Amino acid sequence: MTSKNTVCLWYDGTALEAAQFYAETFPDSAVGDVFRAPADFPAGKAGDVLTVLFTVAGIPCLGLNGGAMFKHSEAFSFQVATDDQEETDRLWNAIVGNGGQESECGWCKDKWGLSWQITPRVLTDALANPDPQVGRRAFEAMMTMRKIDVAKIEAAVRG
């Protein structure tokens with residue numbers, strides 16, 4: 001990995017599984033080097049995966065199998081911009097359908113507890129619209145949703 005800055009994500013022995021899922025699910029994602037323990041250690045054995053280098057939607061990451069001590073929280077999330085309902089559905093359904101859970105306003109968690117915002121561009125464009133009424137209507141529509149419904153956001157934009 002050549003990036004000077006890498007996001008380090010803590011896992012409880014499942015970093016490789018998570019990296020493989022992200023690589024299969026998100027465009028511009030891949031699993032890189034896998035580093036294994038060269039000898040037995042207090043929490044594991046020689047050959048156990050210690051870290052995994054991977055990329056998620058172009059973001060370089062390091063998965064660290066650090067144990068059960070720390071958990072993911074909503075304080076960190078990946079926000080993935082989608083172009084249409086089909087892409088929104090595909091990503092949302094992959095995360096939620098693989099042991100994850102739905103949340104509000106386009107947020108969901110994967111089975112490892114990592115939070116994702118699956119956000120159609122039509123929503124972010126509406127919220128940035130110079131007409132404050134367009135942003136208000138889109139925001140109010142979003143507040144009623146779990147997975148974002150592109151058609152309902154487009155209808156809110158039109159008024």
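Coordinate-derived values only; no laboratory data. Computed from a prediction, not measured in an experiment: that's the story for all the values here. With ideal geometry, Cβ positions are generated from the backbone for all residues, glycine too; neighbour counts draw on all protein chains shown.
Excluding Asn93 itself, calculate the net charge of residues whose Cβ lies under 13 Å from the Cβ of Asn93, where each Lys or Arg counts +1 and each Asp or Glu counts -1.
-2
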> Between Lys111 and Met143, what is the label-to-label distance in nm when each label sits 7 Å out along the Cα-to-Cβ direction?
Replying inline: 3.6 nm
>> Can you give the local net charge around Phe35? Use residues other than it whose beta-carbon is closer than 15 angstrom to its beta-carbon, Lys and Arg +1, Asp and Glu -1.
In response: 0
>> Can you tally the net charge around Asn129? Count Lys and Arg as +1, Asp and Glu as -1, for every other residue whose Cβ sits under 12 Å from the Cβ of Asn129.
In response: +1
> If the viscosity is 1.306 mPa s and the temperature 10 °C, what Stokes-Einstein diffusion coefficient in µm²/s follows for the stretch 1-102 when Rh is the Kirkwood radius over Cα pairs?
Replying inline: 108 µm²/s
> Mean residue ellipticity at 222 nm from the helices of the chain, using -39,500 (n - 2.57) per DSSP H segment of n ≥ 4 over the full residue count, to the nearest 500 deg cm²/dmol?
Replying inline: -9500 deg cm²/dmol
> What order do you get for Ile59, Ile95 when you list them from fewest to most C-beta neighbours inside 10 Å?
Replying inline: Ile59, Ile95
>> I want to check the label-to-label distance for Glu86 and Ala43. Put each point 7 Å from Cα in the C-beta direction and report it in nm to one decimal.
In response: 4.3 nm
> If you take the charge dipole of the chain about its Cα centre, with +1 on Lys and Arg Cβ and -1 on Asp and Glu Cβ, which of Leu91, His72, Ile59 is farthest toward its positive end?
Replying inline: His72
> For the stretch 51-104, what percent of Cα pairs sit more than 17 Å apart?
Replying inline: 56 percent
> Straight-line reach from Lys147: which lysines have Cα under 16 Å away, leaving out those fewer than 8 places along the same chain?
Replying inline: Lys109
>> Suppose we flag trypsin sites (Lys or Arg not before Pro) only when DSSP calls them loop and at most 10 other Cβ atoms lie within 10 Å. Which is the longest uninterrupted stretch of the chain?
In response: 72-159
>> Strictly over 31 Å apart at the Cα level, which of Lys45/Lys111; Lys4/Lys152; Lys111/Lys152 would you flag in this model?
In response: Lys4/Lys152
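Please report the antiparallel percentage of DSSP beta bridges with both residues in the stretch 72-159, rounded to the nearest 5. Present the calculation step by step, with values, prior to reporting the outcome.
Details: 5 of 11 bridges.
Of the beta bridges lying entirely in the stretch 72-159, close to 45 percent run antiparallel.
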